[in-house]
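Colleague: Here you go, one structure.
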Amino acid sequence: MVLPSHPRYESLMLRAKMVEAYKNGILSDSGLIAHGRGEAFDYLIGEKTSLNAGKATQAAAAALILAEYPVISVNGNTAALAAHEIVELNKRLNAKLEINLFYSTPERIKNIRKVLEEAGALEVLGLEEETVSITGLKGPRSESSKIGVHQSDVVLVPLEDGDRAEALISNGKFVITIDLNPLSRTSQKASITIIDNLVRAIPHLIIEVDKLKKMSKIELRSIVNSFDNQLNLQDSMELIVQNLITKED
Ligand code: ATP
Ligand code: MG
């Protein structure tokens, strides 16, 4: 048993959660590996929310409030780590929730739907409705719900794949992602990238949405327009370099 005093306690607890989700048919084997890549980057950013992640979160909240048709895309990792928080954010934004998996099977979609519904989701897309292929993407993972991602103007896609993020951008979507790796293609291509762990980023996003909801559209637009994603990614990379230089133990 791991004691709360263990220096990697939280990380190990999350890992145990992921193994459980894998056993319960929510997460794919590749999802487990993706989590490991995330763990490594979380270590490098210091396992806490950085100032620049805070700025990206604020800009993301503003863009989501301004959106005419916001959609949140959910994969296995997101459902395993933050189902309640995602459903809460979704309600705050009056957005659509769509299951979109890299390695999709009817069984896994069914299991993720159950997790989301148990977390309070009233409507879950990506199951039976008509789908449309995202231009520029091939194969089953190019499909998205006609009344979900396909129709969205702003889409939140945590832990997205680079090809899909790129295609969504070329299809005119404003893409917000959460990804611990500032070098991934998703991070580099997205309109706003929050370099933080999903388990910290979603609760912060909820707080920001609550705060910013009182602002005027002009103020919100100014927050989005003054955000520079490339500059923000650069700050995250500098943070990693600093942590590597100053790490003592
Ligand atoms: P890309 O396709 O964008 O170039 P990749 O192929 O390097 O990325 P993937 O395996 O497609 O990576 O996606 C996993 C991504 O999700 C990684 O960048 C990893 O850092 C990130 N990630 C994993 N777990 C978390 C988490 N809990 N919170 C935020 N990001 C995470
Ligand atoms: Mg990838």
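Colleague: Given the options Leu81, Leu32, name the one that is within 14 Å of ligand 1 (Cβ to nearest atom), surrounded by fewer than 19 Cβ atoms within 10 Å (Cβ to Cβ) and not in a loop (DSSP other than H, G, I, E, B).
Modeller: Testing whether each residue is within 14 Å of ligand 1 (Cβ to nearest atom), surrounded by fewer than 19 Cβ atoms within 10 Å (Cβ to Cβ) and not in a loop (DSSP other than H, G, I, E, B) leaves just Leu32.
Colleague: Another question, if that's okay. Does at least one position in the range 130-153 carry a residue that is within 14 Å of ligand 2 (Cβ to nearest atom) and modelled with pLDDT of 90 or more?
Modeller: no
Colleague: With (1) of a type in the set (Ser, Thr, Tyr); (2) modelled with pLDDT of 95 or more; (3) part of a helix (DSSP H, G or I) as the list, and Ser11 as the residue in question, which single condition is left unmet?
Modeller: (2)
Colleague: Another question, if that's okay. Go through the range 182-194 residue by residue and tally those that are among the hydrophobic types (A, V, I, L, M, F, W, C) and within 16 Å of ligand 2 (Cβ to nearest atom).
Modeller: 2
Colleague: Now for a different question. Filter the range 37-54 down to the residues that are within 16 Å of the chain's Cα centre (by Cα), more than 8 Å from ligand 1 (Cβ to nearest atom) and in a helix (DSSP H, G or I), then identify the one that is surrounded by the fewest Cβ atoms within 10 Å (Cβ to Cβ).
Modeller: Gly54
Here's the yes/no breakdown for (1) farther than 15 Å from Asn77 by Cβ; (2) more than 17 Å from the chain's Cα centre (by Cα); (3) not hydroxyl-bearing (Ser, Thr, Tyr):
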{"residue": "Asn111", "(1), (2), (3)": "no, yes, yes"}
{"residue": "Glu123", "(1), (2), (3)": "yes, yes, yes"}
{"residue": "Leu127", "(1), (2), (3)": "yes, yes, yes"}
{"residue": "Ser133", "(1), (2), (3)": "yes, yes, no"}
{"residue": "Ser142", "(1), (2), (3)": "yes, yes, no"}
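Colleague: Continuing with the same structure: Please indicate, with yes or no, whether at least one residue in the range 186-205 is in contact with a Ser or Thr (Cβ under 9 Å, 6 or more places away or on another chain) and free of Cβ contacts under 8 Å to residues at least 12 places away in the same chain.
Modeller: So far as the range 186-205 goes, no, none of its residues is in contact with a Ser or Thr (Cβ under 9 Å, 6 or more places away or on another chain) and free of Cβ contacts under 8 Å to residues at least 12 places away in the same chain.
Here's the yes/no breakdown for (1) touching a helix residue (DSSP H, G or I) at 6+ places or on another chain (Cβ under 7 Å); (2) not charged (D, E, K, R):
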position	(1), (2)
Tyr9	no, yes
Leu14	yes, yes
Glu20	no, no
Lys23	no, no
Ala34	yes, yes
Lys48	no, no
Ala60	yes, yes
Pro70	yes, yes
Leu116	yes, yes
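Colleague: Could I ask something else about it? Can you pull out the residues in the range 55-78 that are among the hydroxyl-bearing types (Ser, Thr, Tyr) and either part of a helix (DSSP H, G or I) or surrounded by fewer than 24 Cβ atoms within 10 Å (Cβ to Cβ) (or both)?
Modeller: Thr57, Tyr69, Thr78
Colleague: If you don't mind, there's one more thing I want to ask. How many residues are within 8 Å of ligand 1 (Cβ to nearest atom), more than 14 Å from Ala59 (Cα to Cα) and aliphatic (A, V, I, L, M) when one looks only at the range 159-182?
Modeller: Qualifying residue count for the region: 3.
Colleague: While we're looking at this one, here's another question. In this structure, does Lys213 turn out to be over 14 Å from Ala53 (Cβ atoms), touching a residue at least 40 places away in the same chain (Cβ under 8 Å) and touching a helix residue (DSSP H, G or I) at 6+ places or on another chain (Cβ under 8 Å)?
Modeller: yes
Colleague: Mind counting the residues in the range 200-249 that are farther than 24 Å from Leu89 by Cβ and in contact with a Lys or Arg (Cβ under 9 Å, 6 or more places away or on another chain)?
Modeller: Of the residues in that region, 1 qualify.
Colleague: Something else about it: Mind checking which strands (runs of 3 or more DSSP E) fall wholly inside the range 125-234 and carry at least 2 residues that are crowded, with 22+ Cβ neighbours inside 10 Å?
Modeller: 143-145, 154-156, 174-178, 192-194
The values are calculated or read from the model by the stated rules, or taken from the named source; none is laboratory data. Predicted, not measured: the structure shown is a model, and the values here were computed from it. Every residue, glycine as well, gets a Cβ built from its backbone with ideal geometry; the counts of neighbours run over all protein chains shown.
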